[in-house]
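Participant: What follows is a structure written as structure tokens; I'll ask about it next.
The values are calculated or read from the model by the stated rules, or taken from the named source; none is laboratory data. Everything quoted here is computed from the prediction, not taken from an experiment. Cβ: placed from backbone, ideal geometry, glycine included. Neighbour counts: every protein chain shown. Surface accessibility is based on the protein's heavy atoms, side chains included, excluding ligands, DNA and RNA. Shrake-Rupley method; radii C 1.70, N 1.55, O 1.52, S 1.80 Å.
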Amino acid sequence: KMKIAVLTSGGDSAGMNAVVRSVVKTAIAKGCDAWVVREGYEGLVRGNANGSSDSGAVREDASFVHNLRFGDGELLKDGTGDYISGRTLKGRYIVRVGWDDVRGWFGEGGTLIGTARSTTFRTQEGRQTAVYNMIKEGIDALVVCGGDGSLTGADVFRSEWPKHVEALRAAGKITDEQVTNHHHLRIAGLVGSIDNDMSMTDLTIGAVTALHRICESIDNINSTAVSHSRAFVVEVMGRHCGWLALMAGASCGADFIFIPEDPPSEDNWEDSMCAMIQTHRETGQRKTIVIVAEGAIDKDLKPIRADYIKDVLTDRLGLDTRVTTLGHTQRGGAPAAYDRIMPTLQGIEAVDALLESTPDTPSYMIGISENKVTRVPLMEAVALTRSVGTAISEKNFKKAMSLRDPEFAE
Ligand code: F6P
């Protein structure tokens, strides 16, 4: 009986809970046992300090979701489904779950099982502890939902797995039987990111919801902007990918858009921006919307900031200008229908990929292409993303980020 664990990693995105729900239910429906790992890779390293999640006192007065939301020390609901109930979450990061535990999760925003930036998982020791914690629970199949960094981490973890198993055996921490039963790690990756910044898939999980959120905000801004004949500079998320900014412009209207992939080619881009906006105003337009991706840069890779654009519009065109930074309102909240349906189908495919995995098959990323769920080699998708997927290269990205935020360079 395969034991499958699922974790979410990196920035949360709408639809991650639908992934967990789908993986858990599919795993159970296909005769496997299902586990969630809380707090991303950090949870794998921390494991179950209070013993296995197969032990613990039973209480019946608190639901699983309540406990995940409101913290440790609470107990799982004693449900009726095919799962082990009544487990305390305190000190337990790898938790066996059942059908009832994930009921209705597709409507929930964020990620209920938590996500964290793990520094320990970045070390060999950390990953070795993670292998030990998983083997202790009998788990050797992992679904990871996160961005390209998180998915690359999963592939590294998988390739190192046999080495760590051997070291743990040599140290007498695991038995020969455990070595035989867990000689390779099965992984499958799903792309959770609001930025839509992964190659070889048309849409990442959460991108549609974030775009929808941006559209609602810009629609709201439009009406107040028209009322006062004002200009608004709207900063949207997307790190080094301009998809959200570009699509927001296409869906809500914008006079000018700045994205990292296509920096303005002239030195004096301010002139062309002002000329364009002036023309729009002369046609009778009572509002001006400039959308700036948070990672927007000029041709020398220096950040183009919303406040600077505001000053240009105020000083050169005399426009009454405001800046609105949409921030994390774009990321949170209930998923759009698409970010419930797509992760559900992809979760099913992820479990199938695990069931069919052998030591010779590559780590797979589950994507979507022309409305069909796809299974593509994960590291090919990561490599393509880093070369051509987002036109700003890794090197330029690092340079641009250090110019923006000196701490980034350290
Ligand atoms: O990758 C998702 C994202 O929301 C980016 O758009 C943004 O740059 C980043 O995460 C913000 O990260 P944090 O929430 O850690 O500030």
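Participant: Taking interchain pairs and intrachain pairs at least six residues apart, which have beta carbon atoms under 9 angstrom, with the first residue in region 117-132 and within 15 Å of Val37 (Cβ to Cβ) and of a type outside the set (Val, Ile, Thr) and the second away from the ligand (no atom under 16 Å from the Cβ) and not in a helix (DSSP H, G or I)?
Facilitator: Ala130/Gly47; Tyr132/Gly47; Tyr132/Lys173; Tyr132/Ile174
Participant: Across region 70-106, what is the total count of residues that are touching a helix residue (DSSP H, G or I) at 6+ places or on another chain (Cβ under 7 Å) and modelled with pLDDT of 50 or more?
Facilitator: Looking only at that region, the number is 10.
Participant: If you check Ser150 against the conditions, is it open to solvent by less than 20 Å² (accessible area, probe 1.4 Å) and either free of Cβ contacts under 8 Å to residues at least 24 places away in the same chain or under 22 Å from Thr358 (Cα atoms) (or both)?
Facilitator: yes
Participant: Filter region 186-239 for residues that are within 16 Å of the ligand (Cβ to nearest atom), open to solvent by 10 Å² or more (accessible area, probe 1.4 Å) and part of a strand (DSSP E or B) and give the result.
Facilitator: The answer is Glu235, and nothing else.
Participant: Another question, if that's okay. Looking at region 287-306, can you tell me whether even one residue there is open to solvent by 10 Å² or more (accessible area, probe 1.4 Å), under 19 Å from the mean Cα position of the chain (by Cα) and closer than 17 Å to Val236 by Cβ?
Facilitator: Yes: region 287-306 contains one or more residues that are open to solvent by 10 Å² or more (accessible area, probe 1.4 Å), under 19 Å from the mean Cα position of the chain (by Cα) and closer than 17 Å to Val236 by Cβ.
Participant: Let me ask another. Do you know which residues across region 249-304 are touching an Asp or Glu at 6+ places or on another chain (Cβ under 8 Å), within 16 Å of the ligand (Cβ to nearest atom) and in a loop (DSSP other than H, G, I, E, B)?
Facilitator: Glu294, Ile304
Participant: Condition first: without any contact (Cβ under 8 Å) to a residue 40 or more places away in the chain and within 17 Å of His212 (Cβ to Cβ). Now tell me which residues in region 248-270 satisfy that.
Facilitator: Matches in region 248-270: Ala250, Cys252, Gly253, Ala254.
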